[in-house]
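Visitor: First the structure, then my questions, so here it is.
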Amino acid sequence: SRQIIVASAQMGPIAKDEPRQSCVARMVEMLREAHGRGAKLVVFPELALTSFFPRWMIEDKDELDAWYEEALPSPATQPLFDAAAELSVGFYLGYAEKVREEGRIRHFNTSVLVGPDGRIIGKYRKVHLPGHDAPQPGRAFQHLEKRYFEPGNLGFPVFDGFGGRVGMMICNDRRWPEAYRVMGLQGVDLIALGYNTPMDHTGHSDIDGLTQFHNHLSMQAGAYQNASWVVGTAKCGREEGSMMVGQSVIIAPSGEIVAMAGTLEDEVITAKADLDMGTRYRETIFDFARHREPESYGLIVER
Ligand code: ING
């Protein structure tokens, strides 16, 4: 069977003034630890190179510009790509992308899948942007992803790699069943995703008190309903005053959590993923060809 040891490399807080080199060094250390445990794929968080800057209203254009990557790899991130190639371990990396496309400068919340040769296999741009495009009154922290990024324009691609079909999501995407299904319909075996999930997102204490439960509920449901492995990796802990959930997980196509982080710091968790486990679900309960009835689903793709 197609067995692969996968790792989730959870990151604790990243300070506002922490240099990218420091984050890269932390990630290289975890990549090495994961390699030591036989991992072939390591999943890092969303926006893993900097503090979660959408929590702030940033007026100065140059200050805002400094939060994005104009190239990947870059001198600051090259050591991570080099370590991957040296150890033959691939990875998922979330970062803020600034790109000139269709004649204009554009900004996306992006992730890349990098193969064991250290080369980029594919790119994904976050489709579901939570929060607001303007500062909201009465909030200790803002959530301005709609101000700082455009919705992704690459769809939900699935790539051949690591002995199977690998897809990507970013954070809020994991709450939207459509994201999993579009990849499920492409035969995805494993979905890699990173997240930065504050505990005060809605301001409703009953809802915010369920942030940890909703984190796992979303990923477990998505994994089971699409017969896919899901590796969800947090950037967590109290980061510049904002408390973000941890509990990074590796979830099987059964929906079962097979590994979970126990701290709010940098922590590597691993599990042996049998990529053929999803097959038995796709041949029975979730045999899309035999059971799906698209004629009844039209509303899903309407505004
Ligand atoms: N963060 C959060 C997420 O979707 C959020 C926003 C928090 C939504 C809590 C709902 C509840 O996990 C990002 N970056 O999408």
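The values are calculated or read from the model by the stated rules, or taken from the named source; none is laboratory data. Computed from a predicted structure; not experimentally measured. Cβ placement follows ideal geometry from the backbone for every residue including glycine, while neighbour counts extend to all protein chains displayed. To get the accessible areas, we keep the full protein, side chains included, count just its heavy atoms, and leave off ligands, DNA and RNA. Shrake-Rupley method; radii C 1.70, N 1.55, O 1.52, S 1.80 Å.
Visitor: In this structure, does Met260 turn out to be open to solvent by 70 Å² or more (accessible area, probe 1.4 Å), touching a Ser or Thr at 6+ places or on another chain (Cβ under 8 Å) and closer than 26 Å to His35 by Cα?
Guide: Considered against the rule, which asks whether it is open to solvent by 70 Å² or more (accessible area, probe 1.4 Å), touching a Ser or Thr at 6+ places or on another chain (Cβ under 8 Å) and closer than 26 Å to His35 by Cα, Met260 comes out as yes.
Visitor: Determine if the stretch 226-243 includes at least one residue that is free of Cβ contacts under 8 Å to residues at least 40 places away in the same chain and out of contact with any Cys (no Cβ under 7 Å at 6 or more places or on another chain).
Guide: no
Visitor: Can you report the number of residues in the stretch 214-245 which are farther than 28 Å from Pro137 by Cβ, more than 10 Å from the ligand (Cβ to nearest atom) and not in a strand (DSSP E or B)?
Guide: Residues that pass the stated criteria total 12.
Visitor: Condition test on Phe162, is it among the hydrophobic types (A, V, I, L, M, F, W, C), farther than 24 Å from Glu302 by Cα, in contact (Cβ under 8 Å) with a residue 60 or more places away in the chain and open to solvent by 30 Å² or more (accessible area, probe 1.4 Å)?
Guide: Yes, satisfied.
Visitor: Inside the stretch 9-49, can you point out the residues that are polar (S, T, N, Q) and open to solvent by less than 10 Å² (accessible area, probe 1.4 Å)?
Guide: Result: Gln10, single match.
Visitor: State yes or no: is Gly241 more than 23 Å from Arg32 (Cα to Cα), surrounded by fewer than 19 Cβ atoms within 10 Å (Cβ to Cβ), in contact with a Phe, Trp or Tyr (Cβ under 6 Å, 6 or more places away or on another chain) and not hydrophobic (A, V, I, L, M, F, W, C)?
Guide: It is false that Gly241 is more than 23 Å from Arg32 (Cα to Cα), surrounded by fewer than 19 Cβ atoms within 10 Å (Cβ to Cβ), in contact with a Phe, Trp or Tyr (Cβ under 6 Å, 6 or more places away or on another chain) and not hydrophobic (A, V, I, L, M, F, W, C).
Visitor: Is it true that Tyr68 is aromatic (Phe, Trp, Tyr) and out of contact with any Asp or Glu (no Cβ under 9 Å at 6 or more places or on another chain)?
Guide: In short, no.
Visitor: Quick check on my filter: what residues within the stretch 173-220 are without any contact (Cβ under 8 Å) to a residue 40 or more places away in the chain and hydroxyl-bearing (Ser, Thr, Tyr)?
Guide: Residues satisfying the conditions are Thr202, Ser205, Thr211.
Visitor: Sticking with this structure for a sec: Against the definition (away from the ligand (no atom under 14 Å from the Cβ), assigned to a strand (DSSP E or B) and open to solvent by less than 10 Å² (accessible area, probe 1.4 Å)), how does Gly194 come out, yes or no?
Guide: The answer is no for Gly194.
Visitor: Let me ask you something else. Go through the stretch 100-120 and give me each residue that's crowded, with 18+ Cβ neighbours inside 10 Å and hydrophobic (A, V, I, L, M, F, W, C).
Guide: Phe108, Val112, Leu113, Val114
Visitor: On to the next question. Just give me the residues in the stretch 130-158 being within 12 Å of the ligand (Cβ to nearest atom) and either open to solvent by less than 20 Å² (accessible area, probe 1.4 Å) or small (Gly, Ala, Ser) (or both), in sequence order.
Guide: Pro130, Gly131, His143, Leu144, Glu145, Tyr148, Phe149
Visitor: If you scan the stretch 176-191, which residues turn out to be hydrophobic (A, V, I, L, M, F, W, C) and either within 10 Å of the ligand (Cβ to nearest atom) or not in a strand (DSSP E or B) (or both)?
Guide: Answer for the stretch 176-191, where residues must be hydrophobic (A, V, I, L, M, F, W, C) and either within 10 Å of the ligand (Cβ to nearest atom) or not in a strand (DSSP E or B) (or both): Trp176, Ala179, Val182, Met183, Leu185, Val188.
Visitor: Taking the stretch 130-142, which residues are at negative phi and over 17 Å from the mean Cα position of the chain (by Cα)?
Guide: His132, Asp133, Ala134, Pro135, Gln136, Pro137, Arg139, Ala140, Phe141, Gln142
Visitor: Among residues belonging to the stretch 104-129 that are of a type in the set (D, E, K, R) and part of a loop (DSSP other than H, G, I, E, B), point out the one that is nearest to the ligand (Cβ to nearest atom).
Guide: Filtering first and then ranking leaves Lys126.
Visitor: Oh, and also: Exactly one of these conditions fails for Ala96: (1) surrounded by 15 or more Cβ atoms within 10 Å (Cβ to Cβ); (2) among the hydrophobic types (A, V, I, L, M, F, W, C); (3) away from the ligand (no atom under 16 Å from the Cβ). Give me its number.
Guide: Only one criterion in (1) surrounded by 15 or more Cβ atoms within 10 Å (Cβ to Cβ); (2) among the hydrophobic types (A, V, I, L, M, F, W, C); (3) away from the ligand (no atom under 16 Å from the Cβ) is unmet by Ala96, namely (3).
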